[in-house]
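This report refers to the structure that appears directly beneath it.
The values are calculated or read from the model by the stated rules, or taken from the named source; none is laboratory data. Only a predicted model underlies this, so the values are computations on that prediction, with no experimental measurement involved. When we count neighbours, we look across all protein chains shown, and the Cβ atoms used for this are built from the backbone with ideal geometry, even at glycine.
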Amino acid sequence: ALGPQVILLIVACVAGSFYTTQWVGRRLGLSRAGALLMAAGFSICGASAVAGMQGIVDADDDEVASAVAMVTLYGSLMILVLPLLNAVLGLDATEFGIWSGLAVHEVAQVVAVASTAGATALAAATVVKLGRVLMLAPVAAVASIGERRRATAAAAAGTEGTDDGRLSLRPGTPLVPLFVVGFLAMVLVRSLGVLPGPVLDAGRTLTTILLAAGMFGLGAGIDVRRLLRTGGRFAAVGAVSTLFLAGVSLLGVLALA
């Protein structure tokens, strides 16, 4: 209902933010894997995208934890900042909803931001954010193919393949990650409306349990001392990524007005 222009804006914002975040991350000293995690988390759908990209790149637990922490931190700040900015900008409900869906990282954070402007803003924000979530599959597939080519070229040249001393491709990664196939399959099944309410409710509960288990396992492998040493670089990348995405998406919304 939002039109093809909004779809193009979603694609442009995700692509631009992903490239910019990755580029800035590498310039500020993150590993290639760490930069990819940050790019996915900030550009697409927060911690879920970080987890998805972790299935592709050979990132360590500290890098994953840093990326998740930064997505949570900056997304939470946006809950406070965006409504205040809109009080000055004066966007209408639909425009603010689109901006929220484009600029905020996690789905829950988007809901919190857009809810401050009413049901119309929330509906627009939800649609736009789900559009960003759907970008996870193609972005992950492209990243997997790119990392595979990079690893192949490195093997042919007899080098490690990265300037930080390790391959960023997780060993045994398929050409198209299995989670992408599963993600698309579940999107299709959910869109067909064939699942009864109790199954959907059980799925939501299972999602919470599995995410909690994943976070528990992640925390068990974290070296706090290393996290403190590298956290500053991740925070700087997160700040640049958040400002870039918020600014570009606002310009896009104003251009559509």
Hey, could you check the range 91-106 for residues that are without any contact (Cβ under 8 Å) to a residue 60 or more places away in the chain and assigned to a loop (DSSP other than H, G, I, E, B) and say which is surrounded by the most Cβ atoms within 10 Å (Cβ to Cβ)? 104
Quick one: would you say residue 173 is in contact with a Lys or Arg (Cβ under 9 Å, 6 or more places away or on another chain) and at pLDDT below 75? yes
Which pairs turn up if I take residues in the range 34-48 that are in contact (Cβ under 8 Å) with a residue 24 or more places away in the chain and look for partners that are aromatic (Phe, Trp, Tyr) with beta carbon separation below 6 Å, at least 6 apart in sequence or on another chain? 39/18; 43/18
Out of 119, 112, 140, report the one residue that is at pLDDT 75 or above, within 14 Å of residue 56 (Cα to Cα) and either among the hydrophobic types (A, V, I, L, M, F, W, C) or surrounded by fewer than 17 Cβ atoms within 10 Å (Cβ to Cβ) (or both). 140
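Okay, residues lined up against (1) touching a residue at least 60 places away in the same chain (Cβ under 8 Å); (2) part of a helix (DSSP H, G or I); (3) of a type outside the set (Asp, Glu); (4) farther than 20 Å from residue 247 by Cβ:
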position	(1), (2), (3), (4)
69	yes, yes, yes, yes
86	no, yes, yes, no
108	no, yes, yes, yes
113	no, yes, yes, no
123	no, yes, yes, yes
Which of the residues belonging to the range 29-67 are assigned to a loop (DSSP other than H, G, I, E, B) and under 18 Å from residue 128 (Cβ atoms)? 46
Expected output for the range 232-247 (first residue touching a residue at least 24 places away in the same chain (Cβ under 8 Å), partner assigned to a helix (DSSP H, G or I) and of a type in the set (A, V, I, L, M, F, W, C), Cβ below 6 Å, 6+ apart or cross-chain) is 234/70; 237/24; 237/38; 238/70; 240/24; 241/42; 245/103; 246/103
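This table checks each residue for (1) small (Gly, Ala, Ser); (2) surrounded by 24 or more Cβ atoms within 10 Å (Cβ to Cβ); (3) out of contact with any helix residue (DSSP H, G or I) (no Cβ under 6 Å at 6 or more places or on another chain).
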| site | (1), (2), (3) |
| --- | --- |
| 3 | yes, no, yes |
| 24 | no, no, no |
| 40 | yes, yes, no |
| 45 | no, yes, no |
| 89 | no, no, yes |
Among residues of the range 143-153, those that are of a type in the set (A, V, I, L, M) and surrounded by fewer than 16 Cβ atoms within 10 Å (Cβ to Cβ), counted: 2
Scanning for something at pLDDT below 75, more than 30 Å from residue 27 (Cα to Cα) and either of a type in the set (A, V, I, L, M) or assigned to a helix (DSSP H, G or I) (or both), does the range 195-209 turn up at least one residue? yes
